[in-house]
Amino acid sequence: MPLIVRAVLSGLFVSSIGVFTWGGMISLFPSAWVILPMIFVLWVFWIFFSGRWGSNELAKSSRIWFRSTTLQSSNWQWGIAAAIFFVVVIQSSFVVTFRLIEFPAAKFTADYKAFDKVPLWAAWAILIMSSVVAGICEEAGFRGYMQVPLEKKHGAATAIIITSVFFTIVHLTHTWALPILPHIFFASVLLGILAWKSGSLIPGIIGHSILDIFDYSVWWTNLTGGFTHRTIFKTGVDVHFIIWVLIFLLAVFGFFRVIGRLRKSVIEVQVLLQKNEKQLT
């Protein structure tokens with residue numbers, strides 16, 4: 001089987017396990033208490049796919065695909081900064097987009113009517129767990145098990161593009177996907193760059209989870225009141241629109257600036273570790 005096929009199938013399989021498990025659990029038992037067994041499921045998912053369980057050969061490959069590297073303190077700082085910039089980039093792109101075209105509220109909230117049937121505290125608890133599940137499982141599947149083998153065979157750029165294509169296709173199952181297809185692809189590209197440059201899935205998991213918390217609470221449900229601004233073709237170019245355009249541009253600049261610093265920090269740490277190993281031997 002060609003490597004590209006193996007990588008795609010592996011990535012889809014890994015990402016789907018956790019997401020489908022959570023989807024099935026919350027559908028059968030629409031209660032916040034189902035979060036407790038899901039925490040255990042996520043722990044098992046993490047332990048197994050990060051290479052801590054299994055035969056030596058499988059565990060070694062899993063650690064590579066999961067990008068199981070230890071981030072040093074300086075790398076953590078730049079990684080978290082990049083994750084935050086990522087969230088701001090995507091959220092501001094939504095605001096700018098829906099000041100240019102009408103926000104299709106009905107399409108965006110159609111998949112999540114169940115949130116209206118549970119208490120507010122339970123809705124927020126389920127929302128946060130849904131975001132964490134997507135962050136962990138999709139990053140492990142797409143930016144890990146799918147992208148890593150493709151990086152080694154075809155290079156980072158090709159790997160990120162292929163991964164982002166499949167990431168976008170998978171999200172077509174949602175009613176809200178079509179109006180923001182470019183955003184989904186763009187978000188996947190940024191997450192792919194973050195994983196590649198940092199050598200870890202952790203910053204992407206954090207960014208992805210935070211992004212989904214905002215998506216659920218602002219765009220996919222009415223928990224925070226929803227998006228109510230009209231397009232600039234009805235209001236004219238106003239301060240709100242100008243501010244969000246500037247936020248988007250500054251966030252994009254900040255993301256790539258931090259990514260450059262992150263990569264430099266990762267390389268510096270790797271060189272230092274290699275020097276220490278040589279001194280010990």
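Miscellaneous remarks
- Cross-chain or 6+ apart pairs with Cβ under 6 Å, the range 38-59 first and hydrophobic (A, V, I, L, M, F, W, C), then open to solvent by 40 Å² or more (accessible area, probe 1.4 Å): V41/T21; I47/W53
- Residue tally, condition of a type in the set (A, V, I, L, M), part of a helix (DSSP H, G or I) and either on the phi > 0 side of the Ramachandran plot or without any contact (Cβ under 8 Å) to a residue 60 or more places away in the chain (or both), over the range 163-177: 3
- Enumerated helices (runs of 4 or more DSSP H) restricted to the range 1-120, each holding at least 2 residues that are of a type in the set (D, E, K, R): 56-65
- When the range 236-262 is filtered for residues that are among the small types (G, A, S) and closer than 23 Å to S74 by Cβ, the ones remaining, listed by number, are A251, G254, G260.
- When G204, G199 are checked against the criterion of being at pLDDT 95 or above, in contact with a Lys or Arg (Cβ under 8 Å, 6 or more places away or on another chain) and closer than 19 Å to F256 by Cα, a single residue qualifies: G204.
- If the condition is being of a type outside the set (A, V, I, L, M, F, W, C), surrounded by 15 or more Cβ atoms within 10 Å (Cβ to Cβ), closer than 26 Å to K153 by Cα and modelled with pLDDT under 90, then the range 55-74 contributes S61, S68, T69.
- Scanning the range 214-239 for residues that are farther than 22 Å from G135 by Cα, open to solvent by 50 Å² or more (accessible area, probe 1.4 Å) and assigned to a helix (DSSP H, G or I) turns up F233, K234, T235, V239.
The values are calculated or read from the model by the stated rules, or taken from the named source; none is laboratory data. All values reported here derive from a predicted model rather than from experimental measurement. Cβ coordinates were reconstructed from backbone atoms using ideal geometry, including for glycine residues, and neighbour counts include every protein chain displayed. The area values use the complete protein model at the heavy-atom level, side chains included, leaving out ligands, DNA and RNA. Shrake-Rupley method; radii C 1.70, N 1.55, O 1.52, S 1.80 Å.
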